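Here's the structure, in structure tokens; my notes come after.
The values are calculated or read from the model by the stated rules, or taken from the named source; none is laboratory data. Note that the structure is a prediction, hence the values are computed from the model and not measured. Heads up, the Cβs are rebuilt from the backbone with ideal geometry, glycines too, and the neighbour counts pull from every protein chain shown.
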């Protein structure tokens, strides 16, 4: 049965493509393709009735962002969503630091839902939308 | 004219690989040998991309317009001097010489001073301050370690040559490389996949069996008891590093603390009366504890999975405590996987200049240290600072949205070589040289070994080094302050100004305290 929304644990981190993309330039297509994405377990993608590369909206208590979904092929990660470090992930991360300076980057629950009609914003569009600059 | 420069240092991650061979033609890098994919992206393509900033810019009527360097320096110094409590943040992709001037600027301004450590391994630094750290240089680990444990990190992506240069796949003096065994394992896996695919094709309705959650962790393989180097990976998801490892342990998110505690019990010959801890069966943990105790020289490398998960610095504290326990039975070391190439340098320079490695405040005229109060995210979350200078970092892409929104309420000065996210948001934007490509200097490797960075090409005309920019801003701040003092003296306001400067402490903190 296809589900409308999926509650999963957010994990953020580095990927080699994100590393290459950021060094080529934050405005480069390589950076956009490697960072404006999230990785889900193939089982979870199937639950949402999605195909690899479809647009999804990831929502946390701190914000919401549209990215492309990709299958995670290295191993099982059911119940988790992985997003590479970057502005798209940080839009949904919180500023609570537990009084030691480290913000809430991972390990909290977010909701993933299909967003076929919503576009994935580029870096400049996202900066404009979130910060007006 | 073409020239080949050897022993060039890579300025990407904390590994600071110093064996690059760079070919330069007409003041342009055209080829690079030995580096990883990320290094190649920066040193051959990225540093000369169209994203490069070549002129200083100031935001006028909402648009960034090119200005002269003198105008930008004056504007930046004026913003910082006018602000009651500016924040100077970044410093981790600058040479240590620049970081040194940065501390002087913070002291002159009476500002907050923080580096990127506060959003990566700040908790590791705090844990080290709590209980110390038994560690070693990467050279020691390369030659002697026979058990490598990567915990909550993925060097394949974040430190691509770490495994190849310093741990499992390197040919040490006393321990041999495991690369050949890895290749054999890959071949065996490929043939297994072919057999599985053939079986699948013969079945009409094949469905992959759903795996219960408790079956995420496979039993330790027999190869874990072999002689020679072994690599174990603990992580919440199977990464490329985990695929290379002899054994991968998939832990539940936010459960590292419990697993460290369980391993400490087992290493100290205590019994556990539960079946699983953090999703890992205790029987498997017992085998891992045996492997740890029987190792001749073990090394634990941990990443942001510990410092950013629930527990933060307490997770790291237990990792260090486990290492301490293991040292009663064998030789073990532990080391954080530091990210930016000179984040260790920022900690080191700040510490020998002020006594503290990050989260600094100079508002009282002397350095104070308090993570949670003077860390960048906390200052921004509370809205304490009223101007920000960002140097050699990109909080635009790596700070949570809420912190950035508060940062952008006030003037923002950026010093970066390219148009990264924070430069696009800046009000005064400086261009600068690429450290380690166009500018020489000193950087500290993740194991605190100082390494000299080389200059391999000349910077574009008119693009200064970040050290020069910070030094010129400092001089300009002194000039503006001297003028202001002279004007105040003429008006008889000296005593009030002095009192005012001592009351820069964050308002919200005072509210919380009283």
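The residues of the stretch A:78-103 that are without any contact (Cβ under 8 Å) to a residue 40 or more places away in the chain and more than 7 Å from chain B (Cβ to nearest Cβ), listed by number, are A:78, A:96. From the list B:384, B:394, the lone residue that is surrounded by fewer than 24 Cβ atoms within 10 Å (Cβ to Cβ) and more than 11 Å from every other protein chain (Cβ to nearest Cβ) is B:384.
For residue B:159, the conditions (1) out of contact with any helix residue (DSSP H, G or I) (no Cβ under 7 Å at 6 or more places or on another chain); (2) more than 14 Å from chain A (Cβ to nearest Cβ); (3) buried (at least 23 other Cβ atoms within 10 Å of the Cβ) are fulfilled apart from (2).
Listed conditions (1) over 24 Å from residue B:347 (Cα atoms); (2) away from chain A (no Cβ under 14 Å) are all met by residue B:473, apart from (1).
Filtered by the rule that a residue be out of contact with any helix residue (DSSP H, G or I) (no Cβ under 6 Å at 6 or more places or on another chain) and either more than 12 Å from chain B (Cβ to nearest Cβ) or assigned to a helix (DSSP H, G or I) (or both), the stretch A:7-17 gives a lone residue, A:7. The number of residues in the stretch B:357-379 being facing chain A (nearest Cβ under 9 Å), assigned to a loop (DSSP other than H, G, I, E, B) and in contact (Cβ under 8 Å) with a residue 60 or more places away in the chain comes to 6. Under the condition of being within 13 Å of chain B (Cβ to nearest Cβ), more than 13 Å from the chain's Cα centre (by Cα) and buried (at least 19 other Cβ atoms within 10 Å of the Cβ), the residues counted in the stretch A:18-52 number 12.
Residue count for the stretch A:59-68 under the criterion of being more than 11 Å from residue A:36 (Cβ to Cβ) and in contact with a strand residue (DSSP E or B) (Cβ under 8 Å, 6 or more places away or on another chain): the result is 5.
Mind listing whichever residues of the stretch B:403-413 are outside any helix (DSSP H, G or I) and surrounded by fewer than 24 Cβ atoms within 10 Å (Cβ to Cβ)? Scanning the stretch B:403-413 gives B:408, B:409, B:410, B:411. Which residue, of B:347, B:315, is surrounded by 20 or more Cβ atoms within 10 Å (Cβ to Cβ), within 19 Å of the chain's Cα centre (by Cα), in contact (Cβ under 8 Å) with a residue 12 or more places away in the chain and not assigned by TED's automatic domain parsing to the domain that holds residue B:93? Sole residue among the options that is surrounded by 20 or more Cβ atoms within 10 Å (Cβ to Cβ), within 19 Å of the chain's Cα centre (by Cα), in contact (Cβ under 8 Å) with a residue 12 or more places away in the chain and not assigned by TED's automatic domain parsing to the domain that holds residue B:93: B:315.
Residue by residue, here is whether (1) more than 14 Å from chain A (Cβ to nearest Cβ); (2) surrounded by fewer than 24 Cβ atoms within 10 Å (Cβ to Cβ) holds:
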site	(1), (2)
B:93	no, no
B:100	yes, yes
B:109	yes, no
B:114	no, no
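Here are B:77, B:37: which of them is out of contact with any strand residue (DSSP E or B) (no Cβ under 6 Å at 6 or more places or on another chain) and crowded, with 18+ Cβ neighbours inside 10 Å? B:77 is the lone residue from the list that is out of contact with any strand residue (DSSP E or B) (no Cβ under 6 Å at 6 or more places or on another chain) and crowded, with 18+ Cβ neighbours inside 10 Å. Scanning the stretch B:171-188 for any residue that is within 22 Å of residue B:450 (Cβ to Cβ), surrounded by 18 or more Cβ atoms within 10 Å (Cβ to Cβ) and touching a helix residue (DSSP H, G or I) at 6+ places or on another chain (Cβ under 6 Å) turns up nothing.
Scanning the stretch A:59-77 for residues that are at the interface with chain B (Cβ under 8 Å from one of its Cβ atoms), in contact (Cβ under 8 Å) with a residue 24 or more places away in the chain and touching a helix residue (DSSP H, G or I) at 6+ places or on another chain (Cβ under 8 Å) returns A:62, A:63, A:72, A:76.
Of all residues in the stretch B:356-368, count the ones that are touching a strand residue (DSSP E or B) at 6+ places or on another chain (Cβ under 8 Å) and more than 23 Å from residue B:400 (Cα to Cα). So the count comes out to 5.
For the stretch B:134-150, the condition holds for no residue, the condition being that it is under 26 Å from residue B:258 (Cβ atoms), part of a helix (DSSP H, G or I) and either at pLDDT below 95 or away from chain A (no Cβ under 13 Å) (or both). One residue alone among A:56, A:112 is over 24 Å from residue A:128 (Cβ atoms), more than 8 Å from chain B (Cβ to nearest Cβ), buried (at least 18 other Cβ atoms within 10 Å of the Cβ) and touching a residue at least 40 places away in the same chain (Cβ under 8 Å), and that residue is A:112. Among the helices (runs of 4 or more DSSP H) lying completely within the stretch B:208-311, list those that include at least 2 residues that are away from chain A (no Cβ under 11 Å), touching a helix residue (DSSP H, G or I) at 6+ places or on another chain (Cβ under 7 Å) and over 19 Å from residue B:181 (Cβ atoms). Filter on the stretch B:208-311 gives B:256-267, B:282-294. Identification of strands (runs of 3 or more DSSP E) wholly contained in the stretch B:1-107 with 2 or more residues that are farther than 27 Å from residue B:161 by Cα yields B:57-60, B:63-66, B:87-90.
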